[in-house]
Amino acid sequence: MLPTVNSQQKPLRRLMSCLLSLALVAFLAAPSALALNDAQQLVVESWRLVNQGYANPARFEDIHWKRLRQKALEAKIESSEQAYDAIETMLAPLDDPYTRLLRPDDYAVMKASNQGSLSGVGLQLAHGNTDGRIVVIASLEGSPAADAGVVSGTAVLAVNGEATDDLGLEATAARLRGDAGTQVVLTLEAPDGTRDELTLERRSVDLRPVRTRRLRRDDHTLGYLRITQFSDGVPEQVQEAIAELSDKGIEGLVLDLRNNSGGLVSAGLAVADAFLSNEPIVETRNRDGIADPIQASANTLYAGPMVTLVNGGTASASEILAGALQDNDRSQLLGSRTFGKGLIQTLTNLSDGSGLAVTVAGYLTPSGRDIQGQGIEPDRLLDQPEPLNPGGDGDRWLIDAQQMMEARLDQSDAPAQDLDANTPDADESVESSAA
């Protein structure tokens, strides 16, 4: 028998019916309400990439990482610019300058620089390891900044009157780039604390990451190999350079990594493989603490004696190479302490043409040294002040390296190894260890 409803129950029944109807409407509307627009999807995509790969997931709990995503999506996000602002706000509490968003223009410039082209003043920038200010890692060879004598460790305080503390790293770099012939005003603080205002005219910079020549003096012939960046094609260019030096009958090699701010880790590993045989290059450690040792192949492109020049502009992938050479007693390091970037980032294309760099691992040198914020101490410190034109006329450090190499050859009872010894076939060279 069905229950009856008296007159007093009718209002309650109508209320319940109304609530059920509203709930049904809300349920049916839920999918469209929860659907995200393209700009919101960009935020979620960035959060997911960091969440899955970031090297220090313990940091997430400290900053309430999931709440940051929710908070970001609560804001109005209907355009790419609003999405970029939300992503940058979301990433800021990580306090990791290397995990960052690259807006489409910045991302395009980074990819272009990895392919060997740039229009601007020629500064490689990073956050300082001590105070977080934006500092010069290196001035690119032949650039307006190098011609003006801007040295590694110089702090960039302002660009055209805008404080770099407010701009941030990527915006500062963007302000320095521009069409050839235009000018930009920099406020700088040198490593000794002196401040200066400098006007530079932008121009197209030929990065030419690999440069080589023969050094001849007295009874010895040496090779000089300078690598300013690990960009696309560098391993192949190094292979060609070594073959060229081989044809000139060199007895030893001076490798110059000064002001090499890094670049593609894979290229740095491939070049390390060219100088090491069955020896450890580096060990990476991911977020789970899993160690991944990387070892050189059996063949080498160059097995003869060598010395390596480094300085405060030697960073990241070039420090991996320098650390491997030093720890394996393959080459003495000469110069000054390196920059100290022991973290590795992945760079991912986002759906709208922007990019996301995420710190995914740290690395240790073969002897187990963590150089993050510490750098690598060379085997021999060379006299200051540091030459401002690496590889150029009157480069005192290069002269010192040449003299040390010649002294080593003079003291050796055995003849110097043939440069062609142990040179692999073309299909076993650099490319094989880069995979």
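The values are calculated or read from the model by the stated rules, or taken from the named source; none is laboratory data. Treat the numbers as computed from the prediction; the structure is a model and nothing was measured. Glycine gets a Cβ as well: all are built from the backbone with ideal geometry, and neighbour counts include every protein chain shown.
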Study note, to complete from the structure: Pairs returned, first residue in the range 223-252 that is under 17 Å from A303 (Cβ atoms), second residue that is crowded, with 24+ Cβ neighbours inside 10 Å and not aliphatic (A, V, I, L, M), beta-carbon separation under 6 angstrom, 6 or more apart or interchain, are I242/Y302; L245/G223; I250/G223
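Only one of S231, S266, S246 is within 25 Å of R337 (Cβ to Cβ), assigned by TED's automatic domain parsing to the domain that holds I294 and either surrounded by 21 or more Cβ atoms within 10 Å (Cβ to Cβ) or not aromatic (F, W, Y) (or both); which?
Working: S266 fails: within 25 Å of R337 (Cβ to Cβ); S246 fails: within 25 Å of R337 (Cβ to Cβ).
The match here is S231.
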Practice item. Please verify whether the range 111-121 includes one or more residues that are within 26 Å of Q372 (Cα to Cα), surrounded by 20 or more Cβ atoms within 10 Å (Cβ to Cβ) and modelled with pLDDT of 80 or more. Key: no
Review point. Does R226 satisfy the criteria of being within 21 Å of A148 (Cβ to Cβ) and surrounded by 20 or more Cβ atoms within 10 Å (Cβ to Cβ)?
Key: yes
Point to revise | Any hit, the range 133-141, residues being in contact with a Leu (Cβ under 8 Å, 6 or more places away or on another chain), crowded, with 18+ Cβ neighbours inside 10 Å, within 20 Å of D96 (Cβ to Cβ) and polar (S, T, N, Q) | key: no
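Could you please let me know if A163 is modelled with pLDDT of 85 or more and outside the structural domain of L347 (by TED's automatic domain parsing)? Steps first, answer last, please.
On the way: modelled with pLDDT of 85 or more: yes; outside the structural domain of L347 (by TED's automatic domain parsing): yes.
Spelling it out, A163 is indeed modelled with pLDDT of 85 or more and outside the structural domain of L347 (by TED's automatic domain parsing).
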Practice item. Inspect all residues belonging to the range 362-384 and state whether any of them is more than 17 Å from the chain's Cα centre (by Cα) and modelled with pLDDT under 90. Key: yes
**Study point:** Yes/no for N51 being outside the structural domain of I290 (by TED's automatic domain parsing) and not in a helix (DSSP H, G or I)
**Key:** no
Exercise for review: Would you mind telling me which numbered condition in (1) of a type outside the set (K, R); (2) in contact with a helix residue (DSSP H, G or I) (Cβ under 8 Å, 6 or more places away or on another chain); (3) surrounded by fewer than 24 Cβ atoms within 10 Å (Cβ to Cβ); (4) more than 23 Å from P191 (Cβ to Cβ) D292 fails?
Suggested key: (2)
Check your understanding: Can you tell me which residue in the range 88-104 is farthest from A174 (Cα to Cα), limited to those that are touching a helix residue (DSSP H, G or I) at 6+ places or on another chain (Cβ under 9 Å) and in a loop (DSSP other than H, G, I, E, B)?
Key -> D95
**Study point:** Hey, A83 exposed (fewer than 15 other Cβ atoms within 10 Å of the Cβ) and hydrophobic (A, V, I, L, M, F, W, C) or not
**Key:** no
Study note, to complete from the structure: Residue pairs within 9 Å by beta carbon, gap of at least six or interchain, first lying in the range 56-67 and closer than 16 Å to Y98 by Cα, second of a type in the set (D, E, K, R) and not in a helix (DSSP H, G or I), listed first then second, are N56/D96; N56/R287; P57/R287; P57/D288; R59/D95; R59/D96
Practice item. Test A421 against the stated conditions and say whether it is at pLDDT 90 or above and either assigned to a helix (DSSP H, G or I) or over 23 Å from G268 (Cβ atoms) (or both). Key: no
Check your understanding: Can you name every residue in the range 161-189 that is under 23 Å from the mean Cα position of the chain (by Cα) and in a loop (DSSP other than H, G, I, E, B)?
Key -> G168, R177, G178
Check your understanding: Any idea which of L350, L334, L325 is under 22 Å from P191 (Cβ atoms) and either in the same structural domain as H127 (by TED's automatic domain parsing) or not β-branched (V, I, T) (or both)?
Key -> L334
Check your understanding: With R330, R337 as the choices, which residue is buried (at least 19 other Cβ atoms within 10 Å of the Cβ), out of contact with any Cys (no Cβ under 9 Å at 6 or more places or on another chain), touching a residue at least 40 places away in the same chain (Cβ under 8 Å) and outside any helix (DSSP H, G or I)?
Key -> R330
